[in-house]
1. I'd like to check which helices (runs of 4 or more DSSP H) are fully inside segment 35-97 and have at least 1 residues that are farther than 26 Å from HIS351 by Cα.
2. Applying the selection to segment 249-276, what residues are near the ligand (Cβ under 9 Å from one of its atoms), assigned to a helix (DSSP H, G or I) and over 30 Å from ASP27 (Cβ atoms)?
3. Where residues in segment 102-128 are touching a residue at least 60 places away in the same chain (Cβ under 8 Å) and of a type in the set (D, E, K, R), which of them is nearest to PRO333 (Cα to Cα)?
4. How many residues are polar (S, T, N, Q) and in contact with a Phe, Trp or Tyr (Cβ under 7 Å, 6 or more places away or on another chain) if we restrict to segment 342-373?
5. Within the set of pairs 6+ apart or on separate chains, which have a first residue in segment 346-374 that is within 22 Å of LEU13 (Cα to Cα), a second that is basic (Lys, Arg) and not in a loop (DSSP other than H, G, I, E, B), and C-beta atoms under 7 Å apart?
6. Of the conditions (1) within 16 Å of the ligand (Cβ to nearest atom); (2) in contact (Cβ under 8 Å) with a residue 60 or more places away in the chain; (3) within 15 Å of PHE191 (Cβ to Cβ), SER10 fails just one. Which one is it?
7. In segment 37-56, is there at least one residue being small (Gly, Ala, Ser) and surrounded by fewer than 21 Cβ atoms within 10 Å (Cβ to Cβ)?
Amino acid sequence: MSESTTPTYSPGLEGVIAGESAICQVDPNAGLTYRGYDAHDLARLTSFEEVAWLLLHGELPTEAESEQIREELADERELPDQILSMLRLFPEAAHPIDAIRTGVSALGMFDPEQHDNSPAANQRKAIRLIAKIATLTTSFWRIRHGEEPYTPGNHLSYAGRFLFSLTGREPEPWRTTAFNAILVLYAEHDFNASTFAARVTASTMSDMYAALTSALGTLKGPLHGGANEDSLHVLEQIGTPDRADAWVADRLARHEKISGFGHRVYRTGDSRVPVMRDLARALAKRFGKEQTVAICEELEAVMSRRKGLCANVDLYAAPVFSMLDIPAHLNTPIFACARSAGWCAHVIEQHAHNRIIRPRSLYTGPARRPVPAR
Ligand code: COA
């Protein structure tokens, strides 16, 4: 672009194509695909490990490769003792997402390949990161609640191991299946804010740990990953479906945003909602908690009527997490564990075809002026 051309300005980069990627397609009409496969089919038919392989390598794993990545993720799950000691030093009131961001940042210094950005080293680091971010999450939670970190044997899937590590009890198969579906649905989503942050960091040829630290700082915000914790508070405050309309009216009158609604790309509906809604309905039936899902459904109707806005995946994720006995403070960290697969795939892709990401601003400050005599 010549210096005289003024680039088009798009607030929030809306509609801007900021890079090429072969990992994922978010099509506002046709839905979500990972490497060409329908993400909703993957959520039903594959394990999170297989999806991680797909995102990292471009193809679904063979049976042998599927077992290979399951084993590798299990083998890499342990944290260095110094990281566990560090987790014990954090304030009791620390939010787990901050502990995990700090933990990922610190883990980089323990990885002998931290500064090797070659594709092979990046693939190995991706496995370590995806494995260890889960252990960071469960270990910090247990330490904060006066329990010792716990990592079960290597026989489990990623989803099963996460739940076992958190509670110290082997999860029932139905619980692992539901949790696996959540991980798959959250694993990747194109140039969302946290992935873009990871790519910006990676584009300076900084390392994968630095890129994921940026991503984690970005995911935390309530307009992004933080929404899946906030959505639960929305449901708790509303309490019963008949209160949804008045509650929404009050919030909108105060120009407040309602977590779990709206999306930059999906304007007619988040394609992940039907799968998450079905999961919520199935769990509600199992536990006799249909009322929680009824609040979500009523909220959908109210928001559509009052604001023309559709639910996003975080609305139904909130009751699903809650019915799986996941503490609300872990909703966003679990999103991070799942998305670590997508983040790592994007860092690998960025490093492989790198050009530094450096946009420009539209200057709105004072015109050029002389420095006054002092
Ligand atoms: N509640 C109430 N109003 C909302 C809203 C929400 N959740 N999301 C968007 N709006 C309104 C905005 O206030 C704005 O209204 P206006 O034109 O009257 O000012 C309009 O819809 C457009 O919203 P905007 O914020 O410009 O959309 P965006 O593309 O910049 O933002 C989100 C997208 C996701 C950040 C936004 O919808 C949001 O904040 N949602 C709540 C947080 C959330 O659930 N995030 C998870 C996303 S997966």
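1. Working: elements: 39-45, 48-57, 63-75, 81-89.
The qualifying helices (runs of 4 or more DSSP H) are 39-45, 63-75, 81-89.
2. Within segment 249-276, just ARG251 meets the criteria.
3. Among residues in segment 102-128 that are touching a residue at least 60 places away in the same chain (Cβ under 8 Å) and of a type in the set (D, E, K, R), the one nearest to PRO333 (Cα to Cα) is LYS125.
4. In the first step, residues of segment 342-373 are kept if they are polar (S, T, N, Q); the result is 350, 354, 361, 364.
Add one more test, that the residue is in contact with a Phe, Trp or Tyr (Cβ under 7 Å, 6 or more places away or on another chain), and what stays is none.
Residues flagged as polar (S, T, N, Q) and in contact with a Phe, Trp or Tyr (Cβ under 7 Å, 6 or more places away or on another chain) within segment 342-373 amount to 0.
5. Taking only residues 6 or more apart or on different chains, the pairs are HIS346/ARG199; GLN350/ARG199; ILE357/ARG199.
6. Going through the list (1) within 16 Å of the ligand (Cβ to nearest atom); (2) in contact (Cβ under 8 Å) with a residue 60 or more places away in the chain; (3) within 15 Å of PHE191 (Cβ to Cβ), SER10 breaks only (2).
7. Step one: of segment 37-56, the residues small (Gly, Ala, Ser) are 39, 43, 47, 52.
Filter once more, keeping what is surrounded by fewer than 21 Cβ atoms within 10 Å (Cβ to Cβ): none.
No: zero hits.
The rows are residues; the columns are (1) more than 16 Å from the ligand (Cβ to nearest atom); (2) surrounded by 15 or more Cβ atoms within 10 Å (Cβ to Cβ); (3) closer than 21 Å to ILE23 by Cα.
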site	(1), (2), (3)
ALA294	yes, yes, no
LEU299	no, yes, no
GLY308	no, no, no
LEU315	no, yes, no
PRO359	yes, no, no
PRO372	yes, no, no
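Every read-out reported here was derived from the displayed coordinates using simple, explicitly stated rules and does not represent laboratory data. These figures come from a predicted structure and were not determined experimentally. Cβ: placed from backbone, ideal geometry, glycine included. Neighbour counts: every protein chain shown.
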